[in-house]
Amino acid sequence: MYLPGNQPPSVSSPMRWFTATIRLLIGAACPILLMPPLLAQHPAAAPRERTLLLVGDLMLSRSVGARMQSANDWTLPFQQIAPTLAAADLAYGNLECPISNTGRNRHHLWSFRADPRVIEGLKLAGFDVLSLANNHVDDWGHPALLDTQRRLREAGIRTVGAGANDLEAHYPVLVDLGGLRIAFLAYVNVEPKESTAAPDRPGVAWLEPERVFADIRFARPLADLIIVGLHWGVEYAARPSRDQTELAHQMIDAGADLVVGGHPHVVQSLEQYKGRWIAYSLGNFIFDQHDPPTHRGLILKVSVKGKQIAGVTPLPTRIDGSYRAVLAPAKEKRQEAREAKAPVRANSPGTR
Ligand SMILES: [Zn+2]
């Protein structure tokens, strides 16, 4: 179609008539030249690519906190990895401890509470969203949990999966990356269940399947992508249970685009199900446990083209002797990335 209005205003009328005639003649012979001139000169831009980096469990208390204190450097765990994380369009992780100087130690089996100065490191690493849906965020009670949320919010870091009441804990966190709308939801089903939020009580979002499906359906029209973070599974188990694989599949059937898990302290497989990805456990990202498998983690690199996930790449990491997250050496990295993408094999029921 020829559009006279697309001609530059400086072209005189006879010239415009001449040009139009020539275009019509050429156009009759070659339909492709009938494209409006504006479109021909500026082909539709390729869908924009974005990178999301998702990591596993971050524990910034106990020996990790003591090391930062003795080095007088509250960014220490992130010094090496910060350039990688901060270069992404969005970084997400599971914060496995309150960050506060208030509250009362509830003396869970292990009680964690990190010094508020650790937020410097989280900012350096460029974290955008942190899940609080885990079995440690309530170690120092509701005041510390709410203080953690407040401090992170003031640092520009969103939190998901916990809140002042169960509505807030279940409400999706919506992030708009220049027109790409991502909804985050996060849940935990690791004891203590008493940390669960209620209509009149702060706490975490408990992983109740029917409620999770309802939350996903609620988020669906609000977002282009829905990412569900789960704190679940059996500590140190090499594989997810069959119950977990079934539940993850049901979440995708309900509308989730990506499911990422943590808590086992070791890395488990990735699985592609109906074109969507599930990372059952990303392992430890920052922690202070002793066994070598607990020093390994995965950064899940998620490539988004336009409004869809185009692919995921596992980037294996290590926790070094100073509790710093570092990318694994190249040779080991290739091997572990292959292992992570091996077909998922669930443990049979009864071995949980
Ligand atoms: Zn945990």
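Readers should treat all values here as calculations from the given coordinates under stated rules, not as data from a laboratory. All of these numbers come straight from a predicted model, not from anything done at the bench. Note that each Cβ is placed from the backbone with ideal geometry, even for glycine, and that neighbours are counted across all protein chains shown.
Any idea how far apart D176 and S70 come out in nm if each label point goes 7 Å out from Cα toward Cβ?
About 4.8 nm separates the two model spin labels.
Tell me, what is the percent relative contact order of the stretch 49-340, built from C-alpha pairs under 8 Å that lie six or more residues apart? Mind dumping the intermediate values first?
Details: 739 pairs, mean separation 54.4, N = 292.
For the stretch 49-340, the relative contact order is 19 percent.
How many angstrom lie between the Cα centre of the stretch 118-188 and the Cα centre of the stretch 279-346?
22 Å
Arrange the peptides 118-125, 67-74 so that the one whose residues have, on average, the most other Cβ atoms within 10 Å appears first.
118-125, 67-74
Taking a point 7 angstrom from the Cα of A238 along the C-beta vector, which residues in the stretch 270-286 have backbone N less than 18 Å away?
Once the point is set 7 Å along Cα→Cβ of A238, 270-271, 280-284 turn out to lie under 18 Å by backbone N, inside the stretch 270-286.
Filter K123/K301; K123/K193; K193/K333 down to the pairs with a C-alpha to C-alpha distance above 28 Å, please. Provide the component values of the computation, followed by the final result.
Working: K123/K301 19 Å; K123/K193 30 Å; K193/K333 37 Å.
As for pairs spanning more than 28 Å Cα to Cα, those are K123/K193; K193/K333.
Inverting the mean 1/r over all pairs of different Cα atoms, compute the Kirkwood radius of the stretch 217-352 and quote it in Å.
When all Cα pairs of the stretch 217-352 are included, the Kirkwood radius is 15.4 Å.
So for each of 250-257, 282-289, 217-224 I average, over its residues, the number of other beta carbons within 10 Å; can you give me the resulting order with the highest mean first?
The densest-packed peptide leads the list: 282-289, 250-257, 217-224.
Given the convex hull of the Cα atoms of the stretch 73-220, what is a quarter of its surface area in nm²?
9.1 nm²
If one computes the Cα centroid of the stretch 260-277 and of the stretch 192-220, what distance in Å separates the two points?
After rounding, the separation between the Cα centres reads 21 Å.
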